[in-house]
Structure formats: C-alpha cells, structure tokens
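Take a look at the structure below.
The values are calculated or read from the model by the stated rules, or taken from the named source; none is laboratory data. Because the structure is predicted, anything quoted here is derived from the model rather than measured. Reconstructed Cβ throughout: ideal geometry from the backbone, glycine too, with neighbour counts over all protein chains shown. Just so you know, the surface numbers come from the protein's heavy atoms only, side chains and all, with ligands and any DNA or RNA stripped out. Shrake-Rupley method; radii C 1.70, N 1.55, O 1.52, S 1.80 Å.
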Amino acid sequence: MRASDLMQGNERVDIPFTYRNGFIIVEVKFNDFMPMSFIFDTGAEHTLIFDKVTTDILGIPYERQIKVLGSDLSIEMYAQISRSIPFVLPNGLRVKRDIVVLDIDYFNLSTNNGFNIDGLIGGEFFKGLVVQINYAKSRIELFNSEKYKPCENCTKHDIQIINHKPYVIADYVPSFKNTSDTSKLKLLLDSGAAITYLLFMESDSSIIVPESTIPGRLGKGLGGDILGLVGKSQYIGVDEYGFQEVITYYQSVDSSIIAKNKIDRNGIIGNAVLSRFKKVTIDYTYQKLYLEPNKKFNADFQYDKSGINLIALGPDLDQYYVNAVQINSPSYEAGIRPGDLIVKYGWWSTKWHSLEGISNRLCKKEGKKINLTIKRGEKKLKKTFILRDLFLNNKQ
C-alpha cells in the first residue's frame, strides 16, 4: 500500500469530515457504492468494520480469522481479514484498503451516540503521509512528507510512531496532597476517543487517583463499556501545552496483562484535548507532531453534571433511554432510574432534540435547572433537578 494512491501527484488532498459528539466522522462509499460513516481514529492501526452482517450481505471474501483483545486487554474475541476493499472518499477519490471485520459489533457506538457509525479508519489507511487534522475547517489534509511545510504558527514536537499509531511524552502531576513532582507518561494520540485524558492506573507508580472521583463509563471498546473512575489531575500537558485541574479518566488494567501484551503506554490523549487546536499534524514518516492552538484552548472542559448516561434506541435512533444513573447525583435524587424513556426536554418533545444535544445540555454550568418528562411503563412523570459538580465531596 503506497501513499501515491491517495495523493495521485497532488501536493495536498483534502477529505472533509463532520465533528459530532467528540468524533471525527468521514462519510465514504464502502465497496464502491454503500454509504457508510467511519470515525477517523489515530489510536487504531487498521480500518475496522463493526458489523459482519453488512460484509456478509455484500459477499465480501475473508482471507482468515484473527483474535483481537477486548477493552480490558484480557478477553480475546474474533475478527476477519479482507483484502483490497474499495473505498470512495468524500472528495471522490477511490482507493483500496485491507480491512478488519468484527464477528460481532462489540462497540455499539451508534446506540451510545444517537447516529450511525459503521467503523473506524486507522492510521494505516494514510500510511507514509503527513496527516493534518484541520479542526477549524473540518477536513483532513494529506501531504507528502518531503513536501510538507509546517504553518508559521505551529509548534514542533517529537513523537514515536509504533504500528501506525502516534505516541507522545507528556508531563503529569497527580491531584494529591503534598505532591508536586512532575512525571513523564507515554500517551497515545487518539482521535477516536471522545474524552480528555485516560490513564492506566497500574502502568506507572506516579499515577495517583484523586481522592474525589466518580465511577464512570470511560468509552466503548471491544468487549463493551470501558469502566473506571473519573476525577481531576493537577496537571497534564505536552511541552508548553497543558491543563490544570483537568478532567481525567482512570482505567484499571492488571500490570501482568500490560506486560503480557507488550502495552508500554500509560494512557491516551483524546479528542476533547486535540480539538483545542486549530490543526493537529502528524508526520508519520519523520515522527513529528505540529500543533496550532485555537482561541478556546484555555476554556473550561465541559462534563456531565447530572449523573445520567443516555443511549439511543429504535430504528432511527431517536428514542432516548436512561442507561445508568450515578448514585447521589442530581438525577438520582430526582428519582430518575435506568430504563426510563426521556420523552420531553423542557417543553419540547425529544423528537426535536438529538442525543448529542441533550447530553451537551447536561454538561452546562452548575445551578442550571433541568426539566425532563420521562415515561416509566405506562406512566409519564415530570422530573426536575439542578446541575452540580459531581466531584465535590465524593471521595472513593
């Protein structure tokens, strides 16, 4: 697979995307004709199809079966390899790529986000190129390494490229009493994660979970929900770009599993941080990272202050159910429970709202009043609560 099939003699190739719910979504025509939505995921090596039913219907041939690791890095699952499958990109460019097809849709990202997501485009798709994520203009810009000229306002940083995935060394100070020593952590730049930072708790002795945390779903992975804790680190940053009191996700992974699978990273930097830059440029050939911050770089990070985790069900993903409720949260105290169907937000039916829109409103400032109408069985109930910081006075 060579970069020339994407560049075709051009100095730059642009691939438009939409930014939804913290994901970079690229619309493609799979196998030349079927419209599909893919997440551009710098944290993945391969291009991945979630649902084998689709490729079975299309008669896509499989070369062989492989084992893949689950989100807890211990459970083994199965996937199929298919070779030279045609993709038509949004700019009309046609290329062929090898793909990995999961036997079962372990991610179920469509349900969790309220819109269709069919797979991931990994780093190998753009092998040998400079990949510039232009968040300001919603496009992926591709360059040949030899001809790429960094923007005047960009800063240059060293990275490592391992299996088509970019890693950076970050400075880290835990949120812990009388602790001010800065540690170095190896973090994966992961545009496929709609979070700030995720740290593997057992991967380094310097990683200390803060006293005030809440249990949370850290994301979706092979094998289902990635569960862990959510708190605030005192500081995490790369060179001159860092954040104080930043929302951080903590996942427990047994150290023996990390060693067995040769996982030598301490965590990831997700899209909630990467999108604070106008441009994030990864030179896969010369192992360099170029960054240009945007005007909102230092804005507060938004996070849920309700305690509700919602999912979308139904043929059109427009029925919003409560998947989980954090105990002692505002929504829990208001009597909202798992299984409740949200039928109104404020005065308006949820048919006028997206799952993303409702979730964003639950991340507003403390003190905001939320009015929901839920359906539980045959009963409709009105629920009101006030958003508040869930980390305060919540020590695990």
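Odds and ends about this structure:
- Treating r as the C-beta distance of K186 and K379 and R0 as 45 Å, the FRET efficiency rounds to 0.30.
- Placing unit charges on each Cβ (+1 for Lys and Arg, -1 for Asp and Glu) gives the stretch 345-396 a dipole about its Cα centre, and among C363, G377, L387 the Cα reaching farthest toward its positive end belongs to G377.
- Formal net charge of residues neighbouring A136 (Cβ-Cβ distance under 14 Å; K, R +1; D, E -1): +4
- Dipole of the chain, positive end: most advanced residue of Y235, Y197, G307 [Cβ charges, Cα centre]: G307
- Charge context of F243, other residues only, Cβ under 14 angstrom, K/R +1, D/E -1: -2
- For the listed peptides 35-44, 83-92, a ranking on the average number of other beta carbons within 10 Å per residue, highest first, reads 35-44, 83-92.
- Taking Lys and Arg as +1 and Asp and Glu as -1, the other residues whose beta-carbon sits under 15 Å from that of K184 total -4.
- A Förster radius of 30 Å, combined with the Cβ-Cβ distance separating K351 from D158, puts the computed FRET efficiency at roughly 0.05.
- Relative contact order %, the chain, counting alpha carbon pairs below 8 Å whose residues are six or more apart: 16 percent
- Residues in the stretch 149-170 that a label on E240 would reach, taking backbone N under 17 Å of a point 7 Å out along Cα→Cβ: 150-158
- The magnitude of the dipole of the stretch 305-396, with charges of +1 and -1 set on the Cβ of Lys/Arg and Asp/Glu and taken from the Cα centre, is near 380 debye.
- Dipole magnitude of the chain about its Cα centre (Cβ charges: Lys, Arg +1; Asp, Glu -1), debye to nearest 20: 1220 debye
- Summed over the residues of the chain and divided among them, the accessible surface reaches 48 Å² per residue at a probe radius of 1.4 Å.
- Residue-span extension gain [D316 to R64] - 0.36 nm each, minus C-alpha spacing: 87.3 nm
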